[in-house]
1. Relative to the longest principal axis of the C-alpha atoms of chain A, give the angle of the C-alpha long axis of helix A:143-153, reported between 0 and 90° and rounded to the nearest 10°.
2. Pop out a list of residues from region B:32-63 that are at least 40 Å² less accessible with all the protein chains around than in their chain alone; 1.4 Å probe, no ligands or nucleic acids counted.
3. Before anything else, pin down the relative contact order of region B:67-112: Cα pairs under 8 Å, at least 6 apart, normalised by residue count, whole percent.
4. Quick one: dipole size for the protein assembly as shown, taken about the Cα centre, charges +1 on Lys/Arg Cβ and -1 on Asp/Glu Cβ, in debye to the nearest 20.
5. I'd like the residues of region A:93-118 whose 1.4 Å-probe accessible area shrinks by no less than 40 Å² going from the isolated chain to the full set of protein chains.
6. When the scattering of region B:67-112 is computed by the Debye formula from its Cα atoms alone, each counted once and equally, what is log10 I(q)/I(0) at q = 0.20, 0.23, 0.25, 0.29 Å⁻¹?
7. Explain nothing, just the number: relative contact order of region B:30-132, from Cα pairs under 8 Å at least 6 residues apart, as a whole percent.
8. Pairs of alpha-carbon atoms within less than 8 angstrom and 6+ residues apart define the contacts here; what relative contact order does region A:8-153 have, in percent?
Amino acid sequence: MRWIWFDRFEQFESGRRAVAVKNVTLAEDYLHDHFPGFPIMPQSLMIEGMAQTAGILVGEARQFTEKVILAKIRRAVFHTLVRPGQQIRFEAEIEHLDEAAALTCGKITCEGELVGEVDLAFAHIDQNMSGLDFPEENFVFTEEFMSLLKTFREHGAEKVRL
Amino acid sequence: MATIARDEIFAKVQQTLVDALSVDDDEVTESATLTGDLGAESIDFLDIVFRLEKAFGIKIPQDELMPRDVLENPKYVVNKRLNEPGLAALKSSMPHADLSEFEKDPDIDKFSDVFTVATIVNFVDAKLARQA
């Protein structure tokens, strides 16, 4: 099973911008265990949600032919807490994309308020400079993952090219 | 365009490296190497270049800062070492770098030591002077 940290896409502009939303609910175990008695959405998982939103945006820009790996958290700043019952939006934009890598910038908002800013770097790992070989099969955008993406496609990401 | 003093360029480069590499500003000295002293990895170079472009309002084509056409050219690289014509080509492509140490032992694996903070400052300085 893959841990997917958003529920659906709201907007998707190929090669440019994607917006995904996540509903935060007490049914999710981690909210009980992160700070017992004080359930808040962990910031580390919001970074993961942004990495998934931005990573799919970067992958789609090259028709999912590259293995897109999170290479660096360039910046992560959080301003406020997110609690159960709230919905967060991951707004990711591609700042730079080339053969080897991509840079994205992103905002996380909740009910119109800025929750955090997360800027990331992704590597297309088959194009790595050290010349390392990776398995031919795309272990990032697997068949299972692509099937899941098809369901997103019907809900806000009509423009995702599969 | 007005020219920027070198110490002003250094201050901006220093801030760029503090932000990109999560190092303290007193670690970012002119002689500090990006990979050895400041812990930069390959992906950091892309991040640094992008931040420099934003900070100074310049465009930095990838080959300008690091001439891959020389460093990956089999005509110049023999047994992972740069030969004489390779060193000459490198010097003409990297006037912003002090290559005196690298010349003594032109092992490609040691090339990253050429990238000191001063190399970056010189590069930006020359780039801004050309634009002025």
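1. Between the helix axis and the principal axis of chain A, the angle is about 60 degrees.
2. In region B:32-63, residues shielded by partner chains: B:ILE43, B:LEU46, B:ASP47, B:PHE50.
3. 38
4. Numbers: 31 positive and 52 negative charges, 172 e Å.
Roughly 820 debye, rounded to the nearest 20.
5. A:GLU95, A:LEU103
6. Debye intensities relative to I(0), on a log10 scale: -0.54, -0.73, -0.87, -1.21.
7. Values: 89 pairs, mean separation 36.0, N = 103.
Relative CO of region B:30-132 lands at 35 percent.
8. RCO, region A:8-153: 25 percent.
The values are calculated or read from the model by the stated rules, or taken from the named source; none is laboratory data. What you see is a predicted model, and the numbers here were worked out from it, not measured in a lab. With ideal geometry, Cβ positions are generated from the backbone for all residues, glycine too; neighbour counts draw on all protein chains shown. Ligands, DNA and RNA are stripped out before the accessible areas are found, and what is left, the full protein with its side chains, is counted by its heavy atoms. Shrake-Rupley method; radii C 1.70, N 1.55, O 1.52, S 1.80 Å.
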